[in-house]
Amino acid sequence: MADSWEQSVGSGVWKRRARQVRAVVDVELRKMLGGRRAVPVCLLAALPVIVIFVIVVETMPARSAFGAIYSVVVLGATVFFGCALVFTHLFRGEILRRSLHFYLLAPLRREALTLAKYAAGLLLAYALFGGVTILVHPMFMAATGDWVVLETFHYLGITLLGCTAYGALFLLFGTLFRNPILPVAALLGWEMLNFLLPAGIRIASVSYHLKSLLPGPGPVELAMGVPAELPSPAAAVGSLLMLSAAAVALACFRVRRMEIRYTDD
């Protein structure tokens with residue numbers, strides 16, 4: 001009887017937490033989609049469509065060119081900056097609006113709040129940037145006359161993985177720094193100049209692992225002939241998932257000990 005009672009209580013607690021997380025996700029999605037901050041994110045999502053459309057109209061693109069365009073436009077611009085706008089604002093935006101204390105005073109574990117905010121950001125990023133990937137790849141390949149459906153889902157998987165990793169890092173930045181712009185700029189420089197670093201240091205980069213998943217060499221390798229010492233796909237996916245989990249765990253740890261002082265901001 002005692003065991004069954006403990007199990008029922010435990011299941012009730014998890015059901016309540018699941019409902020709380022769903023409620024927070026719903027609130028966060030409404031705020032992200034209804035606020036002014038959604039405008040630049042949507043514009044970034046439209047950028048690959050515009051670039052691919054111009055290339056298709058102006059030239060007869062080669063099939064192999066999509067990988068380089070995808071690496072620069074989708075991963076380097078849309079996913080990176082889009083995730084920076086979405087995820088750094090999840091907690092910093094609440095502090096700037098002086099509304100975070102409403103969440104912290106609610107009967108909700110702060111770890112659950114952090115995971116719910118991260119999940120809401122991922123849903124938005126997946127929908128926008130994943131949807132754009134599904135749109136631009138067939139658009140580009142139709143012009144070359146060589147569209148492979150499985151390849152579209154290959155690029156989609158890379159986009160979703162990039163959103164997962166960058167989103168986790170930017171979520172952490174939003175909990176650690178009063179002004180996340182500087183660490184975001186530092187990460188951008190690290191990602192852009194990563195190919196110049198020694199192989200042992202190069203692994204500490206999201207783009208390093210994402211590029212190993214591309215079907216062909218990236219634009220840097222094509223232009224400069226830099227040897228691509230990239231990990232295996234399994235190692236790259238595992239590394240990015242572990243990085244994402246570690247960043248979210250650190251964000252949970254930080255939020256658990258967070259104290260609100262609006263006068264400091």
From the set of residues in region 161-196 that are free of Cβ contacts under 8 Å to residues at least 24 places away in the same chain and open to solvent by less than 50 Å² (accessible area, probe 1.4 Å), which is nearest to Tyr126 (Cα to Cα)?
-> Leu187
Selection over region 195-211 where residues are under 18 Å from Ala234 (Cα atoms) and not in a helix (DSSP H, G or I) yields a count of 3
Within region 157-202, residues farther than 17 Å from Leu230 by Cα and among the basic types (Lys, Arg) come out as Arg178
Out of all the residues in region 11-30, which are over 17 Å from Arg110 (Cβ atoms) and of a type in the set (S, T, N, Q)?
-> Ser11
Residues located in region 112-148, provided they are closer than 17 Å to Gln20 by Cα, among the hydroxyl-bearing types (Ser, Thr, Tyr) and more than 14 Å from the chain's Cα centre (by Cα) | Thr114
Output the number of the condition that Ala127 fails; it satisfies all remaining conditions of (1) of a type in the set (A, V, I, L, M); (2) under 22 Å from Leu250 (Cβ atoms); (3) surrounded by fewer than 20 Cβ atoms within 10 Å (Cβ to Cβ).
-> (2)
Could you check, for region 148-160, whether at least one of its residues is surrounded by fewer than 23 Cβ atoms within 10 Å (Cβ to Cβ) and under 18 Å from Leu29 (Cβ atoms)?
-> yes
Among the candidates Leu115, Leu29, residue that is touching a residue at least 40 places away in the same chain (Cβ under 8 Å), out of contact with any Asp or Glu (no Cβ under 6 Å at 6 or more places or on another chain) and closer than 27 Å to Ser205 by Cβ = Leu115
When every residue in region 46-59 that is more than 21 Å from Phe129 (Cα to Cα) and assigned to a helix (DSSP H, G or I) is compared, the one least open to solvent (accessible area, probe 1.4 Å) is Val57
Please identify the pairs in which a residue from region 243-258 that is over 17 Å from Phe177 (Cβ atoms) has its Cβ atom under 9 Å from the Cβ atom of a residue that is part of a helix (DSSP H, G or I) and open to solvent by 50 Å² or more (accessible area, probe 1.4 Å), counting only partners at least 6 apart or on another chain.
-> Arg256/Arg110
Residues Leu222, Leu250: which one is under 21 Å from the mean Cα position of the chain (by Cα) and either surrounded by 13 or more Cβ atoms within 10 Å (Cβ to Cβ) or at pLDDT 95 or above (or both)?
-> Leu250
Is it the case that Gly35 is under 22 Å from His154 (Cβ atoms) and open to solvent by less than 70 Å² (accessible area, probe 1.4 Å)?
-> no
Only one of Arg98, Arg109 that is within 13 Å of Glu259 (Cα to Cα) and more than 14 Å from the chain's Cα centre (by Cα) | Arg98
Residues satisfying the stated conditions in region 60-104, i.e. in contact with a helix residue (DSSP H, G or I) (Cβ under 9 Å, 6 or more places away or on another chain) and open to solvent by 40 Å² or more (accessible area, probe 1.4 Å) = Met60, Ala62, Arg63, Ser64, Val72, Phe81, Leu85, His89, Leu96, Arg98, His101, Phe102
Restricting attention to region 197-217, the residues that are surrounded by 14 or more Cβ atoms within 10 Å (Cβ to Cβ), β-branched (Val, Ile, Thr) and out of contact with any Asp or Glu (no Cβ under 8 Å at 6 or more places or on another chain) number exactly 1
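The values are calculated or read from the model by the stated rules, or taken from the named source; none is laboratory data. Everything numeric in this text was worked out from a predicted model, so none of it was measured. Note that we place each Cβ from the backbone using ideal geometry, even for glycine, and neighbour counts take in every protein chain shown. Heads up: the accessible areas ignore ligands, DNA and RNA and are worked out on the full protein's heavy atoms, side chains in. Shrake-Rupley method; radii C 1.70, N 1.55, O 1.52, S 1.80 Å.
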